[in-house]
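The values are calculated or read from the model by the stated rules, or taken from the named source; none is laboratory data. What you see is a predicted model, and the numbers here were worked out from it, not measured in a lab. Because the Cβ atoms are built from the backbone with ideal geometry, glycine has one as well, and the counts that use them run over all protein chains shown. These area figures cover heavy atoms from the full protein model, side chains too; ligands, DNA and RNA do not enter into them. Shrake-Rupley method; radii C 1.70, N 1.55, O 1.52, S 1.80 Å.
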Amino acid sequence: MRRTLDIGLRARGYDVDLAASGEEALELAARQHPDVVILDLGLPGIDGIHVAQALRSWSTAPIIVLSARGAEAVKVAALDAGADDYVTKPFGMDELLARIRAALRRTDSVAVPLPIKTVDFTIDLAAQRVMGPEGEVRLSPTQWHLLEVLARNRGRLVTQQQLLAEVWGPGHENAPHYLRIFMAQIRQKLEPDPANPRYFKTESGRGYRFEAEAAPE
């Protein structure tokens, strides 16, 4: 099925990344930031429902489920997990292409997220960059991804497990030292006083919270 979709979509001008498991899908999505995700539910490793939930916690990309499971309860579970559309196998390529086009039209109509402005820096989620008083602040891909998840959840606690799963992928939920290292790097680059964080707060044993104090107009 993956090979067939790869050939069919590439023939119509789409760029395609293939993932053989739920874990690989999340890792690819984190690196590539796809415009659309086509997702099977019966995956090796974590299943498609959990992949949809994980993706939806940080990505707004449309998720189209392709599945042989036609039961109403399964469809409801997938849609509740964050899927935007559900196609039951067998399906026609023309139908899938029409659904992809519809998903992209809906995405294009969604407002671009406004930059998050603070006294000390501005996070531009649409442009995927951070601007400080002296110009753009250079972040590594991992630093940016961690910052992006926190920024999209500003004001809310994001647990250690969620951050680790979203940024490093499933299987890393028990590696909190990754977070300590990269949060220290982000604070060093963005906090006016890294030792006393103003924006990137730690909630001991729970996770992190991004508190964005609005810059004065």
Would you check if residue 84 is within 20 Å of the chain's Cα centre (by Cα), closer than 30 Å to residue 71 by Cα and open to solvent by 50 Å² or more (accessible area, probe 1.4 Å)? yes
Can you say whether residue 78 is closer than 30 Å to residue 154 by Cα, aliphatic (A, V, I, L, M) and touching a residue at least 12 places away in the same chain (Cβ under 8 Å), as far as the supplied structure shows? yes
For the range 33-47, which positions are within 21 Å of residue 104 (Cα to Cα) and either assigned to a loop (DSSP other than H, G, I, E, B) or open to solvent by less than 40 Å² (accessible area, probe 1.4 Å) (or both)? 33, 34, 35, 36, 37, 39
Within the range 59-83, can you find the residues that are in contact with a strand residue (DSSP E or B) (Cβ under 9 Å, 6 or more places away or on another chain) and under 17 Å from residue 166 (Cβ atoms)? 59, 61, 63, 81, 82
Closer than 18 Å to residue 34 by Cβ and touching a Pro at 6+ places or on another chain (Cβ under 6 Å): which single residue out of 125, 104 fits that description? 125
Inspect all residues belonging to the range 150-162 and state whether any of them is assigned to a helix (DSSP H, G or I), open to solvent by less than 50 Å² (accessible area, probe 1.4 Å) and not polar (S, T, N, Q). yes
Qualifying residue in the range 100-114 (condition: part of a loop (DSSP other than H, G, I, E, B), among the acidic types (Asp, Glu) and either touching an Asp or Glu at 6+ places or on another chain (Cβ under 8 Å) or open to solvent by 40 Å² or more (accessible area, probe 1.4 Å) (or both)): no
